[in-house]
1. Count, please, the residues in segment 37-73 that happen to be open to solvent by less than 10 Å² (accessible area, probe 1.4 Å) and in a helix (DSSP H, G or I).
2. Return the total of residues in segment 82-130 being hydroxyl-bearing (S, T, Y) and over 16 Å from P64 (Cβ atoms).
3. Tell me the residue from L406, L414 that is within 42 Å of the chain's Cα centre (by Cα), of a type in the set (A, V, I, L, M, F, W, C), at pLDDT 90 or above and farther than 19 Å from S496 by Cβ, please.
4. What number goes with the only condition from (1) among the hydroxyl-bearing types (S, T, Y); (2) at pLDDT 80 or above; (3) surrounded by fewer than 17 Cβ atoms within 10 Å (Cβ to Cβ) that T370 does not pass?
5. Kindly list the number of the only condition in (1) under 30 Å from D267 (Cα atoms); (2) of a type in the set (D, E, K, R); (3) without any contact (Cβ under 8 Å) to a residue 12 or more places away in the chain; (4) touching a strand residue (DSSP E or B) at 6+ places or on another chain (Cβ under 9 Å) that fails for E197.
6. Is segment 185-201 home to any residue that is touching a helix residue (DSSP H, G or I) at 6+ places or on another chain (Cβ under 6 Å) and of a type in the set (K, R)?
7. Which of (1) in contact with a helix residue (DSSP H, G or I) (Cβ under 8 Å, 6 or more places away or on another chain); (2) assigned to a strand (DSSP E or B) does E214 not meet, given it meets every other one?
8. In segment 501-512, which residue that is touching a Leu at 6+ places or on another chain (Cβ under 9 Å) and either surrounded by 19 or more Cβ atoms within 10 Å (Cβ to Cβ) or within 17 Å of Q528 (Cα to Cα) (or both) is modelled with the lowest pLDDT?
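The values are calculated or read from the model by the stated rules, or taken from the named source; none is laboratory data. On a predicted model such as this, the values are computed, not experimentally measured, just so you know. Heads up, the Cβs are rebuilt from the backbone with ideal geometry, glycines too, and the neighbour counts pull from every protein chain shown. SASA here: full protein model, heavy atoms, side chains in, ligands and nucleic acids out. Shrake-Rupley method; radii C 1.70, N 1.55, O 1.52, S 1.80 Å.
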Amino acid sequence: MMDKTITHRKQIAMTTVDGWPVLIIDDEQDIRDVTALTLMDAGYQVETAADGAEGLARCEQFSPRIVITDIRMPGMDGIQVLEIVKQRFPDTEVIVATAFGEMETAIRALQLDASDFITKPIHTEAMMVALERARRRYATRQQLKDYTRHLEKGLSRTTRQLEETVAFQDRLIESSMDGILGCDRSGKVVTFNRSMERMLGLARAEALQRVTLEHFFSQAEYRCFQEDLAAPGHGGPNRLMLYETRLMDHRQQSVPVQLSATVLMEDDRPAGLVCFFRDLRRIHRLEREMSDQAHLLHQDKMMSLGRLAASVAHEINNPLAGILNYIRLMLRTVKKGPLPPDKHAQFAGYLALVETETDRCSKIVSSLLTFSRRSPVSIGPVSINEIVDRSIVLARHRLELGNVHLATRIENNLPDISGDANQLQQCLLNLIFNAVDAMPDGGTLTLSAALEKNPDTVVIRVTDTGHGIREADMGHLFEPFFTTKQEGHGIGLGLSTTYGIIDRHGGTLTAASQPGRETTFEIRLPVQASSLTSPKGAA
C-alpha cells in the first residue's frame, strides 16, 4: 500500500517537468489513483493501466517517456513488461516497483536497462527522486542521440565532400589533354588516364598494377630518363620540366613526347612518381606542314620573280641605254680638246640625266632584291604607301608591255598595319599580275588604297577591265592549284597563297566580278592601334 499521507508532497524539491507523459501500470486501483494524483499535481501528464497487456497497448497509443510498472502482476509481470517495452520503445525509461527484499528481481530489472527501482509501499519522495533520475537519463540519452546524429550528419557531409573531391580530381585526370601516369614506390603503374590510352594504344586495365614505367621506354631512353631525373639540370633533383624523350607504344613504335615529372615524397623518402606527357607527333606534323607551306610560299614567290625578270630587264635596259648614249656623247666632246665654257651647262645637264636614270635603275634593283630575298617572317609596322609604291615600280614595265593603263587612287599617309612587308608585297604583286593576265588585249588596272573607319581598316582594291570570272568558278578561286588560266600559265598557287598570307595578318581577301566587264579583288587589313594616335609626319 502506498503511504496515504501526501500532505507534504508539494514541499518536496523537484524540477519542472513540463507535462512529461508517464504511464502507471499496477493491478491495484488505489495505488494507481493515488500515484496518478501525486504525479499530476507535480506537473506530469499521466495515464494508467491495470495489467501488462493493457499497459503495452497504452504505450502504443500514449507514447510515454517514463513507465512505472509493478513487478508482481497477474498474467504478465513487470519484468516481461520491461523487456517488451525496451524492445519496442528503446527510448522509454522504465521504473519498476518491487516488494521489500526482492533485491534479485531489482538487479534483474536493472540488467534489462530499467532506469531505477522503488520499493513498496511507495514513498512520494523516493518516487520523485526515481522520476528525476529517469528524466535525466532520458534527456542524456536524447542528447547522445542528437550528438550521434550530428556526428553522423557531419561525417556524411565530410564523406560526401571527400567523395566529390575525389570524383572531381578523377575527372581532372581523365579530362586532361596530356597523358598522366602515376607509379607507386615499387614502380608499378597506379594511374593511367584516357590520354595515355590514346597516346600508347594500351588499355588502362592492361597497365594498372601490371607494368612499370620502364615498360614504356627503350632501355637507352629509360636510362637517360633516370639519370636526368636525378640530376639538377632539368628543374632540380627528382624533377623534370619540359623534357623531351620517346615512349614505346603497344606496337613498339616510337612516340615523341614532352614530359614533366616529379618524385612524390613521404617522410623524406620516395613514395612514387607522377609524369605528365604531351604527345609531340601532332606538333611535329604541324611544324612539317608549316615548313612545307613556307616552301610553297617561296616557290610561288620565285614564280612571280621569274615573271618579273623579263619585265625588269626591259625596265632597266631603257635607262641604261640613255646613260650609255650620254656618256659616249660626253667622251667624244672631251676627246676634241678642253671643254669650252659654253659646254659646261650642257655637260651638267647630261650628268643630271645620268644621275636620274641611275637612281631609277637602283630603285628597281633594290625593290627586286627585297622581293626575292628569302627571309624569315618579320612582324612589325608596315607602310601600305611604301608597299604600293614598290609594287608599282616592279610591275610598271609589265603593265606597259601588256598595254595596260594604270590608274591609282592612293590616299596619302595611310596608317601602318602590323605584318610582314615582304609577304604583303608578294600578295599585291600576285593580284596585279593576275589582273594583267586577265586583260590579254590590254585595258585599265585601277589600284586604290584608303582608310575606312569603325573599325579602322586599310582597304586595298585591284580592279581590272578584263572578261570577268564565271560564277561557277567564284567559289573555288582561293583553293590551292585551282586556276582559270590556260595550261602553262600558272599552277593555281598565287591566290591561295595570297589568301593564306592575308588571313594570317588578321585580314580578309574577297573577290567580286561582273562577267564580261571587270573583276575586283579587295584586301582588308586591320590598322595598328598605335598608328591611329601617331600619324606619319607627326612630331
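1. Residues meeting the conditions: 5.
2. 4
3. Going through L406, L414 in turn, just one is within 42 Å of the chain's Cα centre (by Cα), of a type in the set (A, V, I, L, M, F, W, C), at pLDDT 90 or above and farther than 19 Å from S496 by Cβ: L414.
4. (2) is the only condition that T370 fails.
5. (1)
6. Taking every residue of segment 185-201 in turn, at least one turns out to be touching a helix residue (DSSP H, G or I) at 6+ places or on another chain (Cβ under 6 Å) and of a type in the set (K, R).
7. Tallying (1) in contact with a helix residue (DSSP H, G or I) (Cβ under 8 Å, 6 or more places away or on another chain); (2) assigned to a strand (DSSP E or B), E214 fails exactly one: (2).
8. This residue is I501.
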